[in-house]
Amino acid sequence: MDLTNEINLRLAIIKEHGIIGFIKGYFKKIYNLLWIKTLGLRGNIVSVDNMKFYVGELVVSTETLIFLMNNHYERMERSAVQKFVDPSIPVIELGGFIGVVACYTNSILSAPEQHIVVEANPSAVPLLTRNRELNNCHFKIIHSAISYGMDPTVKFNLAELGSRINGNLTDQYVEVETLTLSNLVKSSGMEHFTLICDIEGTEVEVISNDINILAEQAVVIIMEIHTDFLENLVVENLLKQLDDAGFRIISLQDGTYVFENQNLKSDHS
């Protein structure tokens, strides 16, 4: 950014927030940078919801660190878990990343071993595993990518943090074994389950291919629908498929949807 653009940006911030707001924002930015620079002195540990998370690998971006520091990371998902997860029902979680939502969810379950977390990113799995142990959690970790293609593996791009399967590939990728939700449910032996899903757009494939097993066995779905890069028509179709299968939206906050299965509502009310 050249000097002119920098000055114009700062003037726009002052106009919107006032000089006091500008100063507060400036010092907040400095504080955030200092906090990140000194993270190693604290063992690369961040506290969220009275839990501790190791973030020492490069897989965790600066933006994610700032969200963690301010207790904003996956805040809507954690709020939905608190309000809508029945502790007596097993949980399947697609997209665990470093385990913030997974550990919080696991801590409220009556049978914490009845919780499966699927994570595709090979760089995130060691952190997910370490944070599970750090917080004395008991969920099972499966290193696989949710996919419904014919190939037994997919290419996972390591160049983009929180990357999407087969999205904008560079030479930094690895092959990851694939898994479908229906196969996971069948192998788990779960009769009913809560689904937590944050898999960067692949939620479309899950709904399109496994709507029947969801209608039969998923009591509640907590799902981040990525409207920032999914086309409106795709999102509308996804929501219609869920509605036609008997799921009703009971909460929506910043792209995090909570659906309740009306077919199973009486069984778990």
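The values are calculated or read from the model by the stated rules, or taken from the named source; none is laboratory data. The model shown is predicted, which means the values in this text are computed figures rather than measured ones. Neighbour counts run over all protein chains shown; Cβ positions are idealised from the backbone, glycine included.
Descriptive notes on the structure:
- One residue from ILE207, ILE221, ILE196 being modelled with pLDDT of 85 or more, assigned to a helix (DSSP H, G or I), surrounded by 18 or more Cβ atoms within 10 Å (Cβ to Cβ) and within 17 Å of the chain's Cα centre (by Cα): ILE207
- Applying the set (1) touching a helix residue (DSSP H, G or I) at 6+ places or on another chain (Cβ under 9 Å); (2) at pLDDT 95 or above to LYS83 leaves exactly one unmet item: (1).
- Qualifying residue in region 150-159 (condition: modelled with pLDDT under 95, at negative phi and basic (Lys, Arg)): yes
Table: residues versus (1) among the hydrophobic types (A, V, I, L, M, F, W, C); (2) surrounded by 20 or more Cβ atoms within 10 Å (Cβ to Cβ); (3) on the phi < 0 side of the Ramachandran plot; (4) without any contact (Cβ under 8 Å) to a residue 40 or more places away in the chain.
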position	(1), (2), (3), (4)
VAL91	yes, yes, yes, no
GLY95	no, yes, no, no
TYR104	no, yes, yes, no
PRO112	no, no, yes, yes
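- Of the residues screened, THR202 is not one that is over 20 Å from PHE84 (Cβ atoms), surrounded by fewer than 16 Cβ atoms within 10 Å (Cβ to Cβ) and either β-branched (Val, Ile, Thr) or not assigned by TED's automatic domain parsing to the domain that holds ALA102 (or both).
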